[in-house]
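Below is one structure, written out as C-alpha cells, with a few remarks after it.
Bear in mind that the values in this text are calculations on the coordinates, not laboratory data. Since the model is a prediction, treat every value here as computed from it, not as a measurement. Heads up, the Cβs are rebuilt from the backbone with ideal geometry, glycines too, and the neighbour counts pull from every protein chain shown.
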Amino acid sequence: MRRRIPDRVPFDITHGFTAPRLDRFRQETGSDDPNAYFGGAARVVDITPTRFPHDYSSYFENFPPRATLDEWGIGHLPTSSGDPWHAHLEGFLYPMLKLRTRQDALAYPLPDVKAEYRFAPLAPQIANYHAQGLAVIGFLEMTIFEVAWYMRSMELLLTDFVDNAEFATTLLDRITAKREIQAAAYAELGVDIICLGDDVGTQQKMLMSLPMWRRWLKPPLARVIAAAKRVRPDVLINYHSDGNMEAVIPELIEIRVDILNPVQPECLDPVKLKQRYGRHLAFWGTIGIQHTLPFGTPQEVRAEVSTRIETMGVGGGLLIGPTHIVEPEAPLENIVAMVEAVNEYGVYS
C-alpha cells in the first residue's frame, strides 16, 4: 500500500459476508472467519462498546419494539420482510428529525470515544496481529457524513447544508472532534492503516455537487487525517466510498489519503484510475460484488483477478478483494477462485 513492490499481490476480505452467506460458509468450511480461513493480509481492530450509553428515548416517539439503538442514538430496524437473503439491510430511525437550532445540535449527547477503557484492549490485539505478519486496520468508517445523516436523515442533512448552516456546522464539528480523537489514538497505538469512509457516490456520479462536498465534507475529513498524521506521519489513510466518486479523488490526494477503497468496477474504470492516480494512491478491492463474484463463473472470476493484477499491480499499490460485503448469491467456488487466482497470478518476479 506504500506503492513499493512486495513479493506478491495481497488480498483481503475485511468487509466480510452477509449473515446468510456467512451461515452457509460455516456449513461449507467449518470456519467462522472467511478472512482468516482464506489467509487475508489484514485484520480490523475497533474500540470496545461503551459502558455508559446515553438515554436517547426523548428523541423518539413510538420506538418500535424490534428496533435497537447504537451508541450514537441511531435506531436500527431489521427489514420488515424478514427476507433472510438480505438480512444485513435495515431501516434507520433518526433521532435528530425534530431538531433545528445550533443549541439543539450542541445539546445532543455523543458517545464517550475519548474514554481510555475503550482503547485498552487494542494494544495486545495489534501486537498479536503484527506477530502473525498481518497488517492492522483501525476501523473508522462512517466517519462524518454518514454518521451525521444516520442521525439526521440524508434528506434533512443535505437541506441543512443549504438553509440551516449553523445547525449543520455544529453537528459536523462535534462529530469531527470525536473522530480526531479516535484517529490520533489509533496512530499512537500503532495500527498500520486507518480506514476512513463516507459514501458520497451513486452508481453514476457524486450524490452531491462538488462545491457542496468541498464546503461541508472535505475540511472535516482533512482534520481527521491531519490528527492521525501529526501523531505518526507514516500511518496509511484508507478512504472508502462506494459508487462513482472520481470527481473528488484529486482532492483526497491533496488532503493526504493514501489508499482508495473499494474501486467498484461497475462504477469506475480501475485501469484509468491506476493510470491517472497510481503515482499517489494505492487501490484496495476492485473485484465486483454486483456482477462477477455473485453471477460469474469461476473462470470469469479468475479472469477478472488476472486482469486486475496485470493492469493495476505494476509497481505495487494493489490489494485485491471484494468491493463490499459478499452477498448470499456468491457461490463458494467463486470466492475460492478469486483467492486461488491471486495466489497463482499475483507473484512479483
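Odds and ends about this structure:
- Among D269, D258, D46, a tally of other beta-carbon atoms within 10 Å of each Cβ gives an order, fewest to most, of D269, D46, D258.
- Span-like helix ranges in the chain, DSSP H, alpha carbon extent 27 angstrom or more, Kyte mean at least -0.5: 165-189
- For the chain, the number of Lys pairs separated by eight or more positions or lying on different chains, with C-alpha atoms closer than 29 Å, is 16.
- Mean ellipticity per residue at 222 nm, deg cm²/dmol - from DSSP H runs of n ≥ 4 across the chain, formula -39500 (n - 2.57): -12000 deg cm²/dmol
- Highest mean packing comes first when the peptides 14-21, 244-251, 108-115 are listed by Cβ atoms within 10 Å, giving 14-21, 244-251, 108-115.
- Length-normalised contact order for the range 247-349 - Cα pairs under 8 Å, 6+ apart - percent: 30 percent
- Contact order, relative form, for the range 167-315: 21 percent (alpha carbon pairs under 8 Å, 6 or more residues apart, mean separation divided by residue count).
- Which label in [x] 20.3, 63; [y] 18.7, 58; [z] 23.1, 77 gives the computed Rg and Dmax of the Cα atoms in Å: [x]
- Normalising the average separation of contacting C-alpha pairs (under 8 angstrom, six or more residues apart) by the number of residues puts the relative contact order of the chain at 23 percent.
- Counting DSSP beta bridges with both ends in the range 19-345, the antiparallel % (nearest 5): 25 percent
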